[in-house]
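J.: Have a look at this one.
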């Protein structure tokens with residue numbers, strides 16, 4: 001898959017909850033990812049599927065550094 005196609009696939013995963021759910025059901029199974037991707041019009045190599053499926057659902061340290069959130073209590077009286 002070209003870099004452009006891989007980026008398109010990544011964006012599509014992020015923007016389509018149904019697509020994300022289908023791939024998340026595959027877990028860490030690169031062969032299943034390749035087959036499912038092919039039915040959706042994406043042509044992943046085994047190596048690409050391995051990389052994607054192994055990191056799927058996990059955040060890298062860099063991703064975690066950019067996460068914002070938490071709970072803030074309102075100021076007291």
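J.: How far apart, in nanometres, would the label points at residue 14 and residue 32 be if each is projected 7 angstrom from Cα along the Cα-to-Cβ direction?
T.: Result: 2.5 nm between the two label points.
J.: Moving to a separate point now. Working out 0.36 nm times the residue gap between residue 40 and residue 5, then minus their Cα-Cα distance, what length gain in nm do you get to one decimal? Mind dumping the intermediate values first?
T.: Details: separation 35, 0.36 × 35 = 12.60 nm, distance 1.24 nm.
This chain segment gains 11.4 nm when fully extended.
J.: Which value in Å does the Kirkwood hydrodynamic radius of segment 3-58 take, with 1/r averaged over all unlike C-alpha pairs and then inverted?
T.: Result for segment 3-58, one decimal place: 11.0 Å.
Quick note: the coordinates plus some simple rules give every number you see, no bench work behind them. Computed from a predicted structure; not experimentally measured. Cβ coordinates were reconstructed from backbone atoms using ideal geometry, including for glycine residues, and neighbour counts include every protein chain displayed.
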